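In what follows, a single structure is set out as structure tokens and then discussed.
We did not get these values from a lab; they are worked out from the coordinates using the rules stated. Bear in mind the structure is a predicted one, so any value in this text is a computation, not a measurement. So basically every Cβ, Gly included, is an ideal-geometry build from the backbone, and we count neighbours across all protein chains shown.
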Amino acid sequence: MRDPALASPRRSEIAPVKEVRVVDAATVEVTLTAPFSPFLSVLTDRAGMMVSRAAVEKYGEDYARNPVGTGPFRFVEWVKDDHLTLKRFDGYWDPSLPHLDEIVYRPIPDHSVRFAAMRTGQIDVMHQIAPKDVAAARAERGLKVSEIASLWWQAIHLNNQVPPFNVKAVRQAIWYAVDRAVIQRVVYYGQGAPAWGPFPPSMWAQDREFTDWKRDVARAKAKLAEGGMPNGFSFTVKGWNQPTHVQELQIVQAQLKEIGVDMKIELLEFGKLLADLNSHTFVALRIGWSGRPDPDGNAHVFLHSKGGLNRVRYSNPKMDELLDQARAESDIGKRKALYVQVTRLAAEDAPYAWLHHDAEIKVWADHVKGFEHISDGMMRMKGVWIEQR
Amino acid sequence: MDGASLTAIALRQFRRSHVGRVGAALVATFLGLTALAPLLAPYDPVATDFATVLAPPSWTHPFGTDDIGRDILSRVIHGSRVSLEAGLFTVAVALVVGLPLGLAAGFVGGRVDDLIMRAVEVILSFPTLVLALGITAILGPKLIHALFAIGVVFVPHFARLIRGQVLAVKENDFVAAATALGATDLRVVVLHVLPNCIAPLLVQSSFSISFAILTEAALSFLGLGTQPPTPSWGIMLSTARAYLEQAPWLGAFPGLAIFLTVLGFNLLGDGIRDALDPRLTL
Amino acid sequence: MVKLLGRRLLATIPLLFLVSLVVFALVHALPGDPAVLFLGEEADPETLARFRVRLGLDRPLVAQYAAWLGRALRGDLGRSLRTNQPVAESILERLPVTLELLVAALSVSLAIAIPMGIVSAVKRNSGVDLVSTVFALVGFAMPGFWLGIILIYVFALLLRWLPPSGWVPLPASVPQNLLSLVLPAFTLGTALAALVTRQLRSGMLEVLRQDYVRTAQAKGLSERQVVGKHALKNALISVVTVVGLQLGGLLGNTIITETLFALPGVGRLMIDSIFSRDFFVVQGVILFLAVGYVLSNLLVDVLYSYLDPRIRLH
């Protein structure tokens with residue numbers, strides 16, 4: 001993972017690893033360069049998924065097409081944009097698992113097609129359902145809907161380096177002009193929770209006492225004037241051309257209009273949106289982050305001046321200090337206090353206009369049993385079985 | 001027969017034609033909507049009401065509300081203005097470019113005619129929506145770009161039409177005599193070609209306007225024409241698609257509006273064409 | 001006929017050249033520096049320069065066009081900026097879906113229009129005639145995407161007889177494939193059916209009025225024989241005419257239908273790549289569709305002259 005030639009996107013997540021020593025067949029000792037509390041959480045996610053050294057050496061760059069791991073299923077084939085097939089691995093260390101013989105993953109980008117496939121029985125488990133369809137899913141016989149807290153946050157990234165958002169007061173104006181409560185109600189049908197920082201309600205790090213996120217038109221206008229734009233201004237936000245996001249952006253557009261700001265919407269396909277985010281080609285860009293179990297994973301990469309995903313180029317030495325301290329500290333109480341300060345500072349500097357924490361919702365057919373729904377959203381099929389009718 | 005009695009005959013024929021009358025009525029309604037939109041619409045078409053989102057038709061909102069609480073009736077009424085803009089702008093572009101091209105091709109003839117007709121043929125070699133999409137894709141998704149693209153696609157039809165009229169007039173003995181007597185080309189154009197063009201141009205324009213309205217709606221439906229929050233019938237249908245199960249009324253009214261307006265202009269065009277058809281006179 | 005086809009094909013080549021020129025000009029008329037557009041404002045000058053060289057943007061326009069055309073003739077339409085997949089490959093992957101949709105739509109429209117057109121001409125001013133006239137007017141003015149939405153609502157959401165959208169490929173399941181084709185085929189075929197009905201009816205009426213038909217009737221041939229032998233063939237000419245004239249509209253409506261029903265065809269590829277700002281794919285698809293359109297028109301022209309002995313195109 002650390003080999004720069006392979007350019008692993010997980011590299012920054014294991015940066016503090018200094019050396020790894022094998023103690024015996026079942027024990028490994030990892031030495032870190034500095035205390036790093038999130039380490040165990042990092043290992044529960046993608047960075048901790050074991051990769052076969054022999055396979056990497058054999059396939060090199062093509063490893064992604066010929067993956068070898070340590071799970072209960074083995075890779076069979078991947079036809080891009082069509083399907084990915086896994087089959088039961090008989091040599092799994094726990095001989096009683098897995099129960100399933102085969103899993104087929106089908107990417108269906110259109111949410112209504114996906115939901116229709118679920119209802120007609122073409123698929124058994126569904127990831128991501130449009131908020132407006134949840135009620136219909138619950139009413140449907142034969143389907144089970146599971147809604148739990150997630151690790152997600154959705155926000156508008158404001159480019160801190162170019163006008164007009166290089167001025168803090170202007171960013172704060174956006175912060176106060178947006179009505180998160182309305183978005184929660186109208187766009188998300190009450191699912192999930194409004195977001196005022198990178199920590200969703202499911203995280204111990206969330207600052208639950210923080211209230212300075214409610215809509216305040218007067219204050220927003222004052223901030224505009226403070227930022228030198230008393231008559232408002234015009235800008236373009238880039239977003240994903242999905243109906244939910246289009247609706248949300250139109251609501252923000254209407255809300256900003258009230259303070260004299262003219263927001264134009266440019267809709268893009270997701271890959272292009274991501275590419276523009278990564279190349280800093282935006283003034284404002286609305287996108288989500290699926291979240292990590294440890295609060296550090298939701299904050300450090302975005303708010304630290306050297307954060308790997310800090311595309312808005314936000315930089316505040318005080319923030320850097322707080323974040324670095326929080327990841328080195330192992331006492332949860334002390335970490336929470338630090339993250340509360342992080343939340344308040346982030347609201348003050350407003351590099352991102354946080355909007356919403358999604359609910360983590362999965363839909364599966366009644367005959368699918370043993371599915372453990374976990375808030376990071378990943379589908380773990382180890383203990384799943386199909387009940388024969 | 002002089003112009004006045006010809007017009008009288010045409011009008012009489014038009015009035016006799018059921019098709020033409022229905023078309024005229026629909027178009028008149030449409031134009032009325034565009035002219036009186038601010039008076040007729042009960043709400044501001046972009047005003048949102050987050051407490052009344054996706055509401056079914058009721059007394060306060062006869063057509064219901066959309067996904068961010070805007071009144072659909074008001075948006076349908078104001079949407080007529082976008083469609084009118086589409087129709088007029090595209091035909092204007094087609095005339096501004098096509099008229100001189102057609103005149104040049106017809107009058108000058110020879111190599112110029114060949115060149116212009118070649119260019120026209122090339123544009124006609126593209127399926128219309130494909131070319132319009134291509135132009136919009138390059139210039140960026142905005143209404144004005146979409147309208148410009150549609151206008152470009154119309155140019156061949158108008159150019160050919162004008163050229164045909166010029167050629168027909170050139171064959172006319174009367175004109176040859178006038179030219180021999182020293183009448184300049186400009187006089188010929190103004191006195192003979194243009195008046196003859198009005199009739200077929202009216203027919204062509206009617207069909208072109210209906211096509212422009214339909215195509216603008218299609219481009220907006222695909223997300224490449226009007227952008228939110230502008231109320232256009234096409235963009236309203238695009239939203240309707242996502243909420244078909246929860247709120248079917250979102251799609252009913254804008255679609256009906258497009259249908260009736262397009263039908264109106266089609267029937268009007270048919271009516272005018274029948275009215276001017278010399279075969280039906282006697 | 002083959003000779004005619006060959007001759008017409010040769011005559012079409014200059015046109016195809018001009019078409020390719022227009023397509024090339026389209027993408028190269030992009031406002032702004034393509035390198036900056038694709039790589040972003042933050043890219044360093046070195047990366048930008050390398051990108052320009054790689055795409056041949058530093059060479060004179062004429063040389064770029066020649067190179068591009070040369071590659072296109074060999075079937076190389078460039079690569080997607082996003083997935084790096086060859087554009088030609090993407091198009092070929094999706095072509096079967098579009099072709100299946102087109103064939104289905106044509107079948108549906110002719111299946112509706114031919115009987116309706118003939119019957120309404122033969123039984124003038126009857127109930128069928130009224131229905132077909134109304135259908136002809138309405139079907140043409142109806143926006144395809146509205147009709148599609150109505151069909152989805154009634155047949156997929158209310159009655160639950162058919163899937164609302166999505167595509168099941170033929171090899172996976174024939175019955176499901178056909179089911180997923182029904183609504184799109186009707187959506188796409190209705191406008192064409194309306195026009196064909198209208199054209200067929202007036203074509204048949206013309207023919208029925210002509211002398212030789214009356215002579216045949218006088219000779220005692222039954223009405224059905226008259227209609228069948230003489231009128232039908234001439235009426236078919238009008239069908240071919242209409243289909244030929246409407247091919248462009250049909251291709252355009254295919255794009256709309258594929259988007260509405262989420263079908264993974266060539267039309268959807270074009271729309272998706274526009275939203276991805278993947279201009280090489282857009283360019284490749286336009287070229288493909290335009291060339292296909294020109295060749296189809298050619299085919300229709302030749303078919304037309306074959307059917308109508310009075311018109312021999314030189």
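Determine the distance separating the Cα centre of the stretch A:50-68 from the Cα centre of the stretch B:190-217; give it in Å without decimals.
65
Indicate the gyration tensor shape class of the stretch A:152-281 (rounded, prolate or oblate), computed on the Cα atoms with a ≥ b ≥ c the square roots of the eigenvalues: a/c under 1.5 is rounded; otherwise a/b larger than b/c is prolate and the rest oblate.
Because its axes are fairly even, with a/c under 1.5, the stretch A:152-281 counts as rounded.
Among A:Gly228, A:Gly60, A:Gly239, determine the one that fluctuates most according to a GNM of chain A built with springs between C-alpha atoms less than 10 Å apart.
A:Gly60
Tell me the trypsin sites (Lys or Arg not before Pro) within the stretch A:5-106 that lie in a loop according to DSSP and have at most 16 other beta-carbon atoms within 10 Å.
In loop regions of the stretch A:5-106 (DSSP not H, G, I, E or B), the sparsely surrounded trypsin sites (Lys or Arg not before Pro) are A:Arg10, A:Lys80.
Report the relative contact order of chain B, percent, no decimals, based on alpha-carbon pairs under 8 angstrom and at least 6 residues apart.
28
Within 10 Å of each candidate Cβ there may be at most 14 other Cβ atoms; applying that plus a DSSP loop requirement, which chymotrypsin sites (Phe, Trp or Tyr not before Pro) in the stretch B:38-71 survive?
B:Trp59
Suppose only helical runs count, i.e. DSSP H with n ≥ 4. What mean residue ellipticity at 222 nm does that imply for chain B under -39500 (n - 2.57) per run, divided by all residues and rounded to the nearest 500 deg cm²/dmol?
After summing the helix terms and dividing by residue count, I get -25000 deg cm²/dmol.
Calculated from DSSP H runs of 4 or more alone, at -39500 (n - 2.57) each and per residue, what is the 222 nm mean residue ellipticity of chain A, nearest 500?
Only helices count here, giving -9000 deg cm²/dmol.
Run down the lysines and flag those whose C-alpha is under 23 Å from the C-alpha of A:Lys221, throwing out any fewer than 8 positions away in its chain.
A:Lys168, A:Lys257, A:Lys264
Cα atoms only: what Rg and Dmax, in Å, come out for the stretch B:82-181?
Rg then Dmax for the stretch B:82-181, in Å: 16.1, 54.
What 222 nm value per residue comes from the helices of chain C, counting each DSSP H run with n ≥ 4 as -39,500 (n - 2.57) and dividing by all residues, nearest 500 deg cm²/dmol?
-25000 deg cm²/dmol
Could you tell me the distance between the Cα centroids of the stretch B:239-276 and the stretch A:158-234, to the nearest Å?
41
If you wrap a convex hull around the alpha carbons of the protein assembly as shown, what volume per residue comes out, as a whole number of Å³?
Output value, Cα hull per residue: 224 Å³.
For chain A, restrict the atom set to alpha-carbon positions and state the Rg and Dmax in Å.
When restricted to Cα atoms, chain A yields Rg and Dmax of 22.5, 69 Å.
How high is the relative contact order of chain C, in percent, counting Cα pairs under 8 Å that sit 6 or more residues apart?
Across chain C, relative contact order equals 25 percent.
How shielded is A:269-282 by partner chains, expressed as the average number of their Cβ atoms within 10 Å of its Cβ atoms?
Across A:269-282, the average partner-chain Cβ count within 10 Å equals 4.
Please identify which residues in the stretch B:44-60 have an amide N closer than 20 Å to a label point set 7 Å out from the Cα of B:Gln246, following the Cα→Cβ vector.
The answer is B:47-58.
Need one number for the stretch A:10-107: average projected area of the convex hull over its C-alpha atoms, nm².
Orientation-averaged projected area of the Cα hull: 8.3 nm².
Given contacts defined as C-alpha pairs under 8 Å and at least six residues apart, what's the relative contact order of chain A, whole-number percent?
23
Using alpha carbons only, how many angstrom separate the centre of the stretch A:344-365 from the centre of the stretch A:251-284?
If you average the Cα positions of each part, the centres end up 17 Å apart.
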